[in-house]
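Everything below concerns the one structure shown next.
The values are calculated or read from the model by the stated rules, or taken from the named source; none is laboratory data. Just so you know, these numbers come straight off a predicted model, no measurement behind them. Every residue, glycine as well, gets a Cβ built from its backbone with ideal geometry; the counts of neighbours run over all protein chains shown. The protein model used for the area step is the full one, side chains on, heavy atoms only, and it has no ligands, DNA or RNA in it. Shrake-Rupley method; radii C 1.70, N 1.55, O 1.52, S 1.80 Å.
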Amino acid sequence: MRFTIQGGLVVFCSLLQLGLCAALATSPAARADDVQSPPTAPVAPSPAEAAAPVPAPPSAPAQIAVPDSASTAAAEASAKPATQLGEIVVTATKRDESVRKIPATVDVLKGKDLEDIGAREMEDFLKYVPGITLQEGDTNSNRTISIRGIGPQPGANTTVGTLIDDVSMGDPYNSYLVPDLDPFDLHDLEVLKGPQGTLFGASALNGALRYVLNKPELGNWAFKGFADWLHPQADGHGETFGGAVNIPIGDTVAVRAVDVVQEIPGLYDDINANGKNIKDADNGYKRMHRFMGYWKPLDRLTVNAFYLQQQNHKNDLSIANNLDGQFIRTDTPGPSSSTQGFSVENLDVRYNLDWFTVISETSHSTKQQNLDYDASALVEALATQGVQSVRISSFVNSKSNAEELRLVSAPGDSPWVWLVGAYINKYSADLTFNTYVANTAVLGSILNTLGISTLPSDPLSLLFPTPQGLSVEDIHYSPLTAKEESLFGELTRKLFDDKLNLTVGGRAYRENMSGDVTLNGITAPYGQIENYAGEKTLQAGGFNPKAAATLQATDSILWYANASHGFQFGGFNEPAPIPSDNTFPLQYKPSTIWSYETGLRTDEFHKTLQLDATVFLLNWTNLQLQQTTPDGVTTYTENIGEARSKGIEATMRYLTPIPGLTLVNVGSYIHAKVAEPYTTSTGQFVPVGSDLPAAPRLQTATTLAYNTKFGPVRTGAGVTFTHEGHAFNDIEHDQIIFRFNTLDFNYNLSFPYLFMAPALTLNATNLLDTHALIGAQLDHVGNESDGQLGAFVRPRTIDLRLSLKF
């Protein structure tokens, strides 16, 4: 069933009235501080958070006492309806700082809120952040994230970094896996917009997603756990179980352990002419666990360490071969599977001197990806008849060793605030990409059917000498290495009693990349693949500047501005596998970006209303986008000149006069355009003013949440309406994607005074059941209807969660 925007708003208002009537029918009596509103608007604290003290920043684990009658009484005292919007402290600038004092845009989603809406992956929460989009592919390796219209196509170098605490999880070459950390037991998720090269390097050309972990707590025995049941409209269902425990050991040591086991319900049916009929074929599982330790042997010395590992597996592709919203694929007669995982080990040592802190962060991270796909659709005549022919496999195993040493000025009354540091990262990866003709019984039976009876009982043993089959192209980088070295720093001068702050900073960097390439397969002597074998090298370097200012014009109005520069390393393209492919560059250059941003932040009506607005301009040069050769067989990354993005973002947060009722609205309007004309490999001319891929002009999210208490019971409800404007899947504008509305509903009921404080949460997402495209790829060969691949918004989904804690 399809809904217009007006129809969706009617449903939205009707459900909102029902939710409010039910909530207002209850009478306030017990504590309200644990009632959480859905995290549908960045940085919007729940009423409880607004009333409570600012939480301890993650860099300094809080010391929380075991609850007793005194702490319960204090909690009840703080449970009064919030009278002000609270402050949120983040470490996005590598120091503890109020998010509303930072001269840049940082959107924050609190970990507790993510748990309350049953968030499992990026699709569940990025829609609540204005100016950011997620274009899905068949796996995490083919998804892309864009911020303010700046983003790659699948396969190109990422423009948005992913960090776990301060550990970068990006790849200097290509983008094999975008880590999608399970958000259970997070302190918060920080979305940093604009270039982050000064503090975080090349992995964050125009922004970063930073997962901030909850740290161990001294003096506090604590446990929390949950059981979750997810049921999409597509008939599949999955269960998830998770738990976290905090254990103090004496007065100076604490440990924290977290574990999540998730079943991923499938959405896409795999149906083929050979009798294959698998419902919800792309089901799978996720496993995540981490272990953390905290040690404070001296008042001045602290040691934090953590180990984290996550693995995702899917039994089939999460994609359809249509663009019509049908979760069906009919052109993959053989199986396809993917297994992806990553791990992080980090040691953070801090020593506080009188006027600065010495911080050493040492990390080791790994990423693994093993994909084995049925690509029979390349031979469409056979695929539609259920015959498996061509397959593609890839294996990636990378590791990164990084060390960062920095000095950070101590907090205090000094008018100078500064940070200096040195960073080195050594990266290596083994990469294998193989396209081969499958060694299957199906092809063997075809040969026998043709009357080739003189061959052995297994005729394929003569034709396909390898276990996989006949290799068309086998490319192996062993190893691919990259080394990044940099010096960075920031200096802030406070003037006029801290009313005016001026900041300058920069990062001097250099990178060396090399890869030893070996080639095999029947096409190795031909076409562009010839002379490609051997060692390949790339070098890049430069200086990345930054300047910013904040002015506290009045007690309730803050103005800020910044100019910052970002950079992105270049890389290697895989050679064309067959001679008919057109020639294209086998290397692509680094790209850079300049960002100019200014905005106002206001706190009105005794800090019950926040109105914020930001305008920005981005100039991206030598942008990297993925292209397709005219025969549709090979993709490659190419620099295409210059692009420009400009727009505005606005946020309103309002604690209404009705106690417990909060209204939040966020939105963005962005023009992201090609600034230099360009002709694609297929001969299509891209004029100045063409929209960049995955860059919708209008995005909005509106949330109305109500939290209250009834005797010993706490309850709350929230409803969110989001709008995603239309965008295009690629630079050639082959297909419109996005262009949809969603309506989500959240209801929670908790019993904080019962044993283990049980809480029940109901989340209903995509109530309008839109099947809009959120990723698409079209084949440029032959009939335009051939080779269509589409990924859709998750259909209407019901989620039930039981949470316990003590």
Arranged from highest to lowest average of other beta-carbon atoms within 10 Å per residue, in what order do the peptides 692-700, 97-105 appear?
692-700, 97-105
What is the Cα convex hull volume of segment 219-270 when expressed per residue in Å³?
67 Å³
Diffusion coefficient, µm² s⁻¹, Stokes-Einstein with Kirkwood Rh over alpha-carbon pairs of segment 285-413 at 20 °C and 1.002 mPa s
114 µm²/s
Gained length - D299 relative to I798, 0.36 nm times residue gap less alpha-carbon distance
174.8 nm
Pairs from K607/K709; K94/K426; K127/K499 whose Cα-Cα separation, in the structure shown, is over 25 Å:
K127/K499
Percent RCO, i.e. relative contact order, over segment 130-263, from Cα pairs under 8 Å lying at least 6 residues apart
17 percent
Could you give the nm distance between label points at Q684 and K499, where each point is 7 Å from its Cα heading toward the beta carbon?
5.5 nm
Entries of K276/K314; K483/K536; K193/K589; K193/K546 with Cα pairs more than 20 Å apart:
K193/K589
For segment 604-615, what does the Karplus curve 6.51 cos²θ - 1.76 cosθ + 1.60, with θ = phi - 60°, yield as ³J(HN,Hα) per residue in whole Hz, taken in order and with x for Gly and Pro?
10, 6, 6, 6, 9, 9, 10, 10, 10, 9, 9, 10
Residues of segment 197-228 with amide nitrogen under 17 Å from the 7 Å Cα-to-Cβ point of V255?
215-224
Pop the C-beta distance of L470 and F395 into the FRET formula with R0 = 25 Å and round what comes out to the nearest 0.05.
0.85
Share of accessible surface on carbon and sulfur in segment 627-736, whole %, 1.4 Å probe and ligands ignored, is 60 percent
Among H313, G250, G236, whose Cα sits farthest toward the positive end of the charge dipole of segment 231-362 (+1 at Cβ of Lys/Arg, -1 at Cβ of Asp/Glu, about the Cα centre)?
G250
For segment 191-291, compute the orientation-averaged projected area of the C-alpha convex hull (one quarter of its surface), in nm².
11.0 nm²
Once both label points are put 7 Å beyond Cα along the C-beta direction, the S98-T602 separation in nm becomes 1.8 nm
Against the rule of thumb 2.2 N^0.38 Å, how large the Cα Rg of segment 146-250 comes out
1.37
Using 1/(1 + (r/R0)^6) with R0 = 25 angstrom and r between the beta carbons of N370 and S428, what's the FRET efficiency to the nearest 0.05?
0.90
Just to be sure I understand the model, the point goes 7 Å from the Cα along the line to the Cβ. What's the resulting L760 to F710 distance in nm?
1.2 nm
Protection proxy ranking of 729-738, 195-204 - average other beta-carbon atoms within 10 Å, highest first:
195-204, 729-738
Restricting to Cα pairs below 8 Å that are 6+ residues apart, what does the relative contact order work out to for segment 233-333? Please round to a whole percent.
26 percent
What ³J(HN,Hα) values, in whole Hz, does the Karplus curve 6.51 cos²θ - 1.76 cosθ + 1.60 give for segment 759-775 when θ = phi - 60°, with x put for Gly and Pro?
9, 10, 10, 10, 10, 10, 10, 6, 4, 6, 6, 6, 10, 5, 6, 10, x
Rh_Kirkwood(segment 655-806) over Cα pairs, Å, one decimal, evaluates to 18.9 Å
Highest average packing first - 649-656, 504-511, Cβ atoms within 10 Å
649-656, 504-511
Determine how many Å³ per residue the convex hull of the Cα atoms of segment 661-733 encloses.
88 Å³
Per residue, the convex hull enclosing the Cα atoms of segment 253-348 spans a volume in Å³ of 106 Å³
Computed lengthening from L663 to V420, 0.36 nm per intervening residue step minus Cα-Cα distance
83.4 nm
What is the distance in Å between the Cα centres of segment 379-393 and segment 157-185?
34 Å
Any number yet on Rg/Rh for segment 597-672, C-alpha, Kirkwood?
1.30
Here the FRET efficiency for K276 versus H313, based on Cβ atoms and R0 = 30 Å and rounded to 0.05, is 0.90
